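These notes are about the structure you will find just below.
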Amino acid sequence: DTEVTQTPKHLVMGMTNKKSLKCEQHMGHRAMYWYKQKAKKPPELMFVYSYEKLSINESVPSRFSPECPNSSLLNLHLHALQPEDSALYLCASSQDSNSGRTDTQYFGPGTRLTVL
Amino acid sequence: AQSVTQLDSHVSVSEGTPVLLRCNYSSSYSPSLFWYVQHPNKGLQLLLKYTSAATLVKGINGFEAEFKKSETSFHLTKPSAHMSDAAEYFCVVSALNTGGFKTIFGAGTRLFVKA
């Protein structure tokens, strides 16, 4: 199974809402990633978890809060977002980011987020 | 420091003709290089990767890429384009540097395939 699943596929939320994006993999990978992708742009790294510990936070605003409950699950909690946060949010996983030069990242299909 | 440059933002080919998507990189350390494809409103799928073994790498769907250290290039090719190849392609460089493990995405190349 080389699949990364993400739910929901689409999400529309207001600026005062609280919502969560979910990501799951069952490949035994120990590194998991959140990316943000705006239209016609490459993915931008937001967070990396390695062995369920946050290892990289690319100066993301605190209205985005990641959580890694176990090695298979990754959540992204959203609160008080702005319209400019509307984007495709991609989750990825890889074997082990510590050795990571050759790691292949496996991507989920993404959650299309619209903030009104 | 690392960087990756995709030399064309758009490439248009006719179905059945060769595809060339160009990528140049810079890296202070031995890099791994990847090509990913993204169809509209989808996640990214790995096409192929180079990790310091054979310099000519074969991937899925008939794509291949050649690592040329002297030219710092990793261009993606396919002998004959298919309509289903129309998508966005990203060249990615990954290497360990003084700040730790780092992955850099190129800006992407949109491939159009004409019937």
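Taken together, the values in this text are just the output of simple stated rules run on the coordinates, not laboratory data. Here the structure is a predicted model, which is why all the values come from computation and not from measurement. Because the Cβ atoms are built from the backbone with ideal geometry, glycine has one as well, and the counts that use them run over all protein chains shown.
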What net charge do the residues around B:GLY62 carry, taking every other residue with its C-beta under 11 Å from that of B:GLY62, with Lys and Arg at +1 and Asp and Glu at -1?
0
Lysine pairs, Cα distance under 20 Å, 8 or more residues apart or cross-chain: how many in chain B?
11
Spacing of the two label points (7 Å from each Cα toward its C-beta) at B:GLN45 and B:HIS82, in nm:
0.9
Within 10 Å of each Cβ of B:39-46, how many other protein chain Cβ atoms are there on average?
6
Cα gyration tensor of the stretch A:11-114, axes a ≥ b ≥ c as square roots of the eigenvalues: rounded (a/c below 1.5), prolate (a/b > b/c) or oblate?
prolate
Return the loop-located GluC sites (Glu not before Pro) in the stretch B:44-82 (DSSP other than H, G, I, E, B) with at most 13 other Cβ atoms within 10 Å of their own Cβ; answer none if there are none.
B:GLU71
Contact order relative to length for chain A, counting C-alpha pairs under 8 Å separated by 6 or more residues, stands in percent at 37
Return A:PHE64, B:PHE90 ranked ascending by Cβ neighbour count within 10 Å, so the fewest neighbours appear first.
A:PHE64, B:PHE90
Got a sec? How would A:ASP96, A:ASP103, A:ASP85 order by Cβ neighbour count within 10 Å, fewest to most?
A:ASP96, A:ASP85, A:ASP103
